[in-house]
Amino acid sequence: MSASPPPTDRHAAVVYNPIKVDLPRLEARVAEAETAAGWGATQWHSTSLEDAGQSVTRTAVEQGAAVVIAAGGDGTVRAVAEALRESGVPIALIPSGTGNLLARNLELPLTDPLGSIRTAFTGSDRRIDLGIAEIERADGSREQHTFVVMAGLGLDAKMIALTNPKLKKAVGWLAYIDAGVRAIPNLKPIKLRFSIDGAPERTTSVHTIIVGNCGSLPGGILLLPDAKPDDGVLDIAALKPSGPFGWLKVWNKVTWENGVLRKSALGRSIIDLTTDVKDVLYSTGTDLRMTVEHPQEFQLDGDEFGEAKSVHAWVDPGALTVKVAA
C-alpha cells in the first residue's frame, strides 16, 4: 500500500460562478487557507453559460485536485456534484447563492466564508447520497442529471420558471413566493401514472410531486420532514390541495407542523393527536417512475429544466463525499 503524498503535493480546485462571488477577496482567503494547511497552489475554474460547472470540475479532477470547492449558488453545487459523482474526490461548499440548499440541509454555516474555506482544507469527509433523474421530453429524447437536494414536477417547477430574476436578486428566496402566488390561480391538477420500487403502476392527480434527498427549504419550510441525505432512500411528497383552503393546509403542514411542531416532544405529541392532512402525502423509495398526461415543468435543486413527459428518479447511495467541519 503506497504512502499518502505529503500535504505540499496536494492542491484544491475552486469552481466558481463569477456572478455570485467576489473573486479577488475569495482568492485572497483561499490562498491564506491553503498556506496555513501546507497545500500547493489552488487551481481556479470559472463557470459559464456553456458550462454550469460539470466540464471544469472534470478537468480539475483530471489535474489531480484533492478537493473541489464549489463557490456559487445551488446550480453550481449541483453541477460540481454531478461531475464528482463516484469519483471519491470531495466537494467543499462556500455558500454564495439564494437558497444554499445543500449547506442548509447539512447544517453547514451559511454566513462564515472563512470557516467554510478552512473546512475545505482541514475538514472531515462525509458521504451522502445523490439523486439521479432521467428526463424524457415530448419528442422522446432523454437526459440524465444529478440532484443533491430535490427534484420537482408541477407547481414548484412552475414557480421557479416564473420567478423574476431581478426580484430574486433583491429579496432572495422570497421571490419564489411571488411566483407561487402568480402560478396558483392558473394551476390545474396533473394526471400521472407512477410506480415506486417496481410496484404495479398506479394513477393519481396531484398539483406537484417532490422527490428529495434532503427536506429543508429557506424560511422554515420543512417540505420532507423525514428526509436524510445519507439514508439510501428518496423521500417523496405529493401535494394534493382540495377545497377552498387546500393550499392553506399545505402551507400550514410544511411550515408550522413540519418546521415548528416536529422540533419538540410536545409538538410531536400535538401532531399525533391531530388529523393527518390529506393534502400532503408522503412516501419513500429508492426508485420512482412517473409519466404525466401532458408535459410539465421540471426542476432540479431550484433550477428549471424545461418540460418533461416522464421522469425516472433513483438514489445513488453514498455517491458524493462532502467536506464538513472536523
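Values in this text are rule-based calculations from the coordinates and carry no lab data. On a predicted model such as this, the values are computed, not experimentally measured, just so you know. Don't worry about glycine lacking a Cβ; one is built from the backbone with ideal geometry, like all the others, and counts go over all protein chains shown.
Some points to look at:
- Cβ crowding within 10 Å averaged over residues, with 104-113, 305-314 ranked highest first: 305-314, 104-113
- Ordered from longest to shortest, the equivalent ellipsoid semi-axes for segment 51-90 are 15, 10, 9 Å, each the square root of 5 times a Cα gyration tensor eigenvalue.
- Net charge dipole size for segment 1-147 [Lys, Arg +1 and Asp, Glu -1 on Cβ; Debye, nearest 20]: 280 debye
- Sequence ranges 21-31, 69-79, 202-212, 89-99, ranked by mean other-Cβ count within 10 angstrom, highest first: 69-79, 89-99, 202-212, 21-31
- Three-way shape call for segment 1-127 based on the alpha-carbon gyration tensor, with the a/c threshold at 1.5: rounded
- Rounded, prolate or oblate (a/c below 1.5 giving rounded, otherwise prolate when a/b exceeds b/c) for segment 6-60 by Cα gyration tensor: oblate
- Between residue 127 and residue 197, the simple spin-label model (points 7 angstrom out along Cα→Cβ) gives 2.1 nm.
- Using a Förster distance of 22 Å, the FRET efficiency for residue 55-residue 19 (Cβ separation, nearest 0.05): 0.80
- Between segment 91-127 and segment 3-78, the alpha-carbon centres lie 13 Å apart.
- Full extension of the chain between residue 48 and residue 281 gives 80.0 nm of extra length, using 0.36 nm per residue less the Cα-Cα distance.
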